[in-house]
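Asks: Quick one: the structure is below, questions incoming.
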Amino acid sequence: MAGMNMIQAINSAQDVMLQKDSAVVIFGEDVGYFGGVFNCTEGLQEKYGVQRVFDTPIAEGGIIALAIGMGVNGMRPVTEIQFSDYIYPAFDQIVSEASRLRYRSGGDFWAPITIRTPCGGGIRGGQTHSQSPEGIFTHVSGIKTIMASNPYDAKGLLISAIEDDDPVIFFEPKRLYNGPFYGDPEQPSQSWESHEKGEVPEGYYTTPIGKAFTVRSGADLTIVTYGTMVHVSLAAAELSGYDVEVIDLRTLTPLDIDHIATSVCRTGRCVVVHEATKTGGFGAEVLSQIQEECFWKLEAPIKRVAGWDIPYPHAFEWEYFPGQSRVLDAIKIVMES
Amino acid sequence: MVPDRGKKLNVPAPRHRPGEKPEFDNLDIPDAGTVPRPDVMMDPKEMFTYANRLIRVLGRDNKAVGEWNPALSAADMRKGLYDMMTTRIYDDRMQNMQRVGKMSFYIKSRGEEAVAVAQAMALDKKDMLFPSYRQQGLLISRGRDLLDMMNHCLSNSKDNCKGRQLPVMYTWAAGNFFSISGNLGTQFCQAVGWAVASALKGEDALAATWIGEGTTATADFHHGMTFAAVYNAPAILNVVNNQWAISSFQGIAGGEKASFASRGIGYGMPGLRVDGNDFLAVYAVTKWAAERARNGGGPTIIEHFTYRADAHSTSDDPTKYRPEHEPEAWPLGDPIDRLKSHLIEIDEWSEVRHLEAIEEITALVTAKYKEAESYGTLNSGDRPEVSSMFEDVFKEQPEHLRRQYQSLQSLIPDLGA
């Protein structure tokens, strides 16, 4: 075991897989010599050479198409889209191609690609460096969608994603790269050093795709969340005075509804929390499935806490960000109704 | 498992990395004045050579020579010099203010000032500009108040983007300067759309757009080139080849295979390759392309061969991927020094006047900045109304956004109505 932040854990997962499987190659904008704008591939080109870790032209559609072609030809590409806000030029290649190739070819062709991409706000990135577009991709059949909330899961899930024979989008909440974030920008930054999930095995291990994890047990209410909001929700749970259970989804599709339903059927109350905009967000899907599974056990309407339905505003980042007070407010409403 | 077949994949690499001696002796730099100036309506099929040479006017002896010499008046050249100096002093001040936390981010244009300033001068005010994030010289040349630029960068109460955009992603409708996106290349074909509308309406205005050489890899570049060529749009499509796209040198965008100006050939479009640090040459090629577009000759792609003398932005350290002294080794010099030296050469400027200009501009920038701060900065003082974050999502605010604002108000009591 070693103390790692999320950047080091993601780097380590790629290092392990480059070592383990010569079909693994890593490419993206600035990932080679420079090691990525967030350092997630630092040192990998030096260690494995430019044939395994290399820079690409600035063309996200090209990056994903290249990965599909290489994947069809026996490679296992791990791509980086520098910010998830930049993923849209690759939309057609992801939605129409990577996610449907196996289906449309009757299983003859498939591409085991991993798309790593930093997401989320809280770093003063404005509307082009802060988005959480996971809900756009969870709507697409044939692609797995992951968002880790800590270094341990990030490494284990990324190794699973790379080994998975289906295309996987691996969202990295960039506000969590250097430490857990509890939603209050006025508090001093935390590091992963003293966090139990910052202890990460140095070698190979996997965290299963499609499995949620209960990070806090409780009897009164279930919060279902993922990414940065796991930590914000934990902080709100502590402050609420209620016995709140917090579930970290980790994988969005395929959704671990059994895990969620077991909890909500027990507590009878639920709040769904994500940073992405509310309307049509992944929370709506989670809420629908809970309603289908738990309706007769529910004690109160389920509430969602999400980003407002506006672009991420640079100067109003903390009015936009669904922080502790909004999660607390939702817990209170659901508990009192 | 994939068998190791040895090094077969070509991954371009720059000639030097940190710790190595930067040399540019591989560059073919023709003497100033040696590339002829073709007729503005010349058939693109005959223009191959212009996309592969380097159009230069200012020679090493500081004289302006050749058919491309635009014969600008001394007053115009002094305006160009002054605007480039203002751009640089403004940039330095704003970057310093970013470093002390007054704003979140900044992008300088050091070394590339001639591209924006000379082109703004060569175009008409009615021409529409679709820039990337490194052409602040366009704003300065067109006379935008530095105060307004600063207010935007500080995201303060007088920011015309209402605190919604990262610093340097300017918008200035009154100056025919389009809203900068932040996503690369998206403006390239939008400019063509603007130009197509101008042609449809029978108007004389053209559109000009700028991207970096790295962005020529995007599909947007191909869209812009194709649509501009197909519709013979009155557009000037600029590729600022500043050698670096964050850490990726221009070879990663395919610059080792062919010049960026020569991309035009396959689309049936003239390509001009110009010394981007030569103010007079940039001015002259822009005039050529504008005249061609206004005569119905359609679009031109211009490659500005220049050098990004500073970091990509405040978020990267260039010494991590290129030699520390590479900027000084750039063989085409500095655009401000070169125009200054030319004006001195022809007795229209002096070292004393230059120093006086620096003092004057610095005093102006300092005064403007002081005023801008009085309207707030990102982290202190006044800022736009919080309610404004729910406006302009649509023309009319829908009910659900009104309710979301009410929710926010109820959580933050001191927010006010």
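The values are calculated or read from the model by the stated rules, or taken from the named source; none is laboratory data. What you see is a predicted model; the values in this text were computed from it and never measured. Here Cβ is always computed from backbone atoms with ideal geometry, including for glycine, and neighbour counts include all displayed protein chains.
Asks: Scan (1) under 17 Å from A:Phe38 (Cα atoms); (2) of a type in the set (A, V, I, L, M, F, W, C); (3) touching a residue at least 60 places away in the same chain (Cβ under 8 Å); (4) surrounded by fewer than 23 Cβ atoms within 10 Å (Cβ to Cβ) for the single condition A:Ile159 breaks and write down its number.
Replies: Going through the list (1) under 17 Å from A:Phe38 (Cα atoms); (2) of a type in the set (A, V, I, L, M, F, W, C); (3) touching a residue at least 60 places away in the same chain (Cβ under 8 Å); (4) surrounded by fewer than 23 Cβ atoms within 10 Å (Cβ to Cβ), A:Ile159 breaks only (1).
Asks: Among the residues of segment B:231-238, are any under 27 Å from B:Phe24 (Cβ atoms), part of a strand (DSSP E or B) and in contact with a Lys or Arg (Cβ under 7 Å, 6 or more places away or on another chain)?
Replies: no
Asks: Determine whether segment A:4-24 contains at least one residue that is closer than 20 Å to B:Ala245 by Cα, touching a Gly at 6+ places or on another chain (Cβ under 9 Å) and either among the aliphatic types (A, V, I, L, M) or part of a helix (DSSP H, G or I) (or both).
Replies: Within segment A:4-24, not a single residue is closer than 20 Å to B:Ala245 by Cα, touching a Gly at 6+ places or on another chain (Cβ under 9 Å) and either among the aliphatic types (A, V, I, L, M) or part of a helix (DSSP H, G or I) (or both).
Asks: Would you check which residues across segment A:276-307 are within 14 Å of another protein chain (Cβ to nearest Cβ) and out of contact with any Asp or Glu (no Cβ under 7 Å at 6 or more places or on another chain) and list them?
Replies: Across segment A:276-307, the qualifying residues are A:Gly280, A:Gly281, A:Ala284, A:Lys303, A:Arg304, A:Val305, A:Ala306.
Asks: Can you tell me which residue among B:Leu364, B:Leu408 is touching a residue at least 12 places away in the same chain (Cβ under 8 Å), under 24 Å from B:Cys161 (Cβ atoms) and away from every other protein chain (no Cβ under 14 Å)?
Replies: Just one listed residue meets the conditions, B:Leu364.
Asks: Just to verify a result, which residue in segment A:166-211, among those that are among the aliphatic types (A, V, I, L, M) and assigned to a strand (DSSP E or B), is surrounded by the most Cβ atoms within 10 Å (Cβ to Cβ)?
Replies: Looking at residues that are among the aliphatic types (A, V, I, L, M) and assigned to a strand (DSSP E or B), I get A:Ile169.
Asks: Across segment A:290-325, what is the number of residues that are crowded, with 19+ Cβ neighbours inside 10 Å and part of a helix (DSSP H, G or I)?
Replies: Number satisfying all stated conditions: 5.
Asks: Any idea which of B:Ala367, B:Ala329, B:Ala311 is at pLDDT 95 or above and in contact with a helix residue (DSSP H, G or I) (Cβ under 6 Å, 6 or more places away or on another chain)?
Replies: Just one listed residue meets the conditions, B:Ala311.
Asks: Continuing with this model, one more query. Give me the pairs, please: first residue somewhere in segment A:100-127 and within 14 Å of chain B (Cβ to nearest Cβ), second residue anywhere and loosely packed, with under 15 Cβ neighbours inside 10 Å, beta-carbon distance under 6 Å, and either six or more positions apart or on two chains.
Replies: Sorted first by the residue in segment A:100-127, then by its partner, the pairs are A:Pro112/A:Asp165.
Asks: Can you find a residue in segment B:71-88 that is touching a Gly at 6+ places or on another chain (Cβ under 8 Å) and surrounded by fewer than 16 Cβ atoms within 10 Å (Cβ to Cβ)?
Replies: No: segment B:71-88 contains no residue that is touching a Gly at 6+ places or on another chain (Cβ under 8 Å) and surrounded by fewer than 16 Cβ atoms within 10 Å (Cβ to Cβ).
Asks: Looking at A:Thr79, A:Thr41, can you tell me which residue is in a strand (DSSP E or B) and more than 9 Å from every other protein chain (Cβ to nearest Cβ)?
Replies: A:Thr79
Asks: Which condition breaks for A:Asp184 when tested against (1) over 29 Å from A:Met70 (Cβ atoms); (2) not assigned by TED's automatic domain parsing to the domain that holds A:Ala67?
Replies: Unmet for A:Asp184, out of (1) over 29 Å from A:Met70 (Cβ atoms); (2) not assigned by TED's automatic domain parsing to the domain that holds A:Ala67: (2).
Asks: Can you give me the number of residues within segment A:22-33 that are crowded, with 20+ Cβ neighbours inside 10 Å and either within 8 Å of chain B (Cβ to nearest Cβ) or within 13 Å of A:Phe83 (Cα to Cα) (or both)?
Replies: Matching residues across segment A:22-33 total 6.
Asks: Any idea which residue in segment A:308-322 is farthest from the other protein chains (Cβ to nearest Cβ), counting only those that are among the aromatic types (Phe, Trp, Tyr) and in contact with a helix residue (DSSP H, G or I) (Cβ under 8 Å, 6 or more places away or on another chain)?
Replies: Across segment A:308-322, the extreme among qualifying residues is A:Tyr312.
Asks: Scan B:Leu401, B:Leu339 and give me the residue that is surrounded by fewer than 20 Cβ atoms within 10 Å (Cβ to Cβ) and either in a helix (DSSP H, G or I) or at pLDDT below 95 (or both).
Replies: Going through B:Leu401, B:Leu339 in turn, just one is surrounded by fewer than 20 Cβ atoms within 10 Å (Cβ to Cβ) and either in a helix (DSSP H, G or I) or at pLDDT below 95 (or both): B:Leu401.
Asks: Just to be sure I understand, how many residues within segment A:71-84 are in contact with a Phe, Trp or Tyr (Cβ under 9 Å, 6 or more places away or on another chain), crowded, with 22+ Cβ neighbours inside 10 Å and of a type outside the set (S, T, N, Q)?
Replies: Result for segment A:71-84: 4.
Asks: Also, I was wondering about something else. Could you list, in sequence order, all residues of segment B:181-229 that are without any contact (Cβ under 8 Å) to a residue 40 or more places away in the chain, within 13 Å of chain A (Cβ to nearest Cβ) and out of contact with any strand residue (DSSP E or B) (no Cβ under 7 Å at 6 or more places or on another chain)?
Replies: Across segment B:181-229, the qualifying residues are B:Ser181, B:Asn183, B:Thr186, B:Cys189, B:Ala217, B:Thr218, B:Ala219, B:Asp220, B:His222, B:His223.
To keep it simple, each residue is scored yes or no on (1) surrounded by fewer than 22 Cβ atoms within 10 Å (Cβ to Cβ); (2) charged (D, E, K, R); (3) in contact with a Leu (Cβ under 8 Å, 6 or more places away or on another chain).
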{"residue": "B:Val274", "(1), (2), (3)": "no, no, yes"}
{"residue": "B:Asp278", "(1), (2), (3)": "no, yes, yes"}
{"residue": "B:Ala289", "(1), (2), (3)": "no, no, yes"}
{"residue": "B:Glu328", "(1), (2), (3)": "yes, yes, no"}
{"residue": "B:Val365", "(1), (2), (3)": "yes, no, yes"}
{"residue": "B:Glu371", "(1), (2), (3)": "yes, yes, yes"}
{"residue": "B:Leu378", "(1), (2), (3)": "no, no, yes"}
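Asks: Okay, next question. Touching a residue at least 40 places away in the same chain (Cβ under 8 Å) and either under 22 Å from B:Met389 (Cβ atoms) or assigned to a helix (DSSP H, G or I) (or both): which single residue out of A:Val224, A:Val230, A:Val271 fits that description?
Replies: A:Val230
Asks: So A:Gly283 clears everything in (1) crowded, with 20+ Cβ neighbours inside 10 Å; (2) within 30 Å of B:Gly381 (Cβ to Cβ) except one condition, right? Which one?
Replies: Only one criterion in (1) crowded, with 20+ Cβ neighbours inside 10 Å; (2) within 30 Å of B:Gly381 (Cβ to Cβ) is unmet by A:Gly283, namely (2).
Asks: Continuing with this model, one more query. Residues to consider are B:Pro14, B:Pro36, B:Pro30, B:Pro18; find the one that is of a type outside the set (Ser, Thr, Tyr), under 23 Å from B:Thr306 (Cβ atoms) and surrounded by 17 or more Cβ atoms within 10 Å (Cβ to Cβ).
Replies: None of the others qualify; the one that does is B:Pro14.
Asks: Restricting attention to segment B:240-269, which residues are part of a helix (DSSP H, G or I), buried (at least 21 other Cβ atoms within 10 Å of the Cβ) and within 14 Å of another protein chain (Cβ to nearest Cβ)?
Replies: Result: B:Gln250, B:Ile252, B:Ala253, B:Arg263.
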